[in-house]
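Peer 1: My structure is below; once you've seen it, I'll send some questions.
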Amino acid sequence: MTNTQYAQWPQDILERTGAINDAFETIYVPTPSHEIIHQRCDILRHTNRNRHGKSMGALRLAQLSSVGKTACFGYYRTSRIDEHAQRTGVYNPHLILYVSLLSCTSPKALCQEICRQLGDDNWQIGTASDLIQRMRAFVPRAGVEMIIIDEIQELKGRRTDRKDVTNLLKC
């Protein structure tokens, strides 16, 4: 190869690179600490089963940023939904909900997101208390056993409605 000749890239290099990056992003290798979190979530899920309308236990996971909490919970959610489907023959995508508080900083926004995920066509309509009542009705009907709230640290701050979100999560 002379100085004036350059290597030819395959024409589909961009698509191939994108596909490789997408595949890489789906790799999840559970660590021992992730397995412990999964076990704690299982205990919590089974302890709170059939307690709709009553005060339920919660698990707070405080870890440093970028240690894989979101990936850990994503894997937990999909694996438990798949296990439930294999065991019962019924696939329930709502068995474990995942909500990020990055976009939900008020009780109304949190309830809207939960109602939206549960298929409520009117998730944008109503007051905060209307949405809370609808959410409380939808959750048992949808067979929800656990709601994972990610980015809980976003509740820290000066806004008073963030305290209301914390109180709503206790119900």
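None of the figures in this text is laboratory data; all of them are computed from the coordinates on show. Note that the structure is a prediction, hence the values are computed from the model and not measured. Methodologically, a virtual Cβ is constructed for each residue, glycine included, from the backbone with ideal geometry; neighbour enumeration extends over all protein chains shown.
Peer 1: Could you give each residue of the stretch 129-138 its phi-based ³J(HN,Hα) in whole Hz, using Karplus coefficients 6.51, -1.76, 1.60 with θ = phi - 60°, and x for Gly or Pro?
Peer 2: After applying 6.51 cos²θ - 1.76 cosθ + 1.60, I find 5, 4, 5, 4, 5, 5, 4, 5, 7, 5 Hz.
Peer 1: Which order do peptides 23-32, 140-149 fall in by mean Cβ count within 10 Å, highest first?
Peer 2: Final packing ranking: 140-149, 23-32.
Peer 1: Now a separate question. Residue by residue through the stretch 23-35, which ³J(HN,Hα) values in whole Hz follow from phi under the Karplus form 6.51 cos²θ - 1.76 cosθ + 1.60 (θ = phi - 60°), with glycine and proline marked x?
Peer 2: My calculation for the stretch 23-35 gives 5, 4, 5, 8, 6, 9, 10, x, 8, x, 5, 5, 4 Hz in order.
Peer 1: Moving on. Rounded to the nearest whole Å³, what is the per residue volume of the convex hull around the Cα atoms of the stretch 85-146?
Peer 2: 79
Peer 1: Now a separate question. Sequence-distant or interchain residues sharing an amide H contact under 5 Å with Y98, placed H: which?
Peer 2: I148
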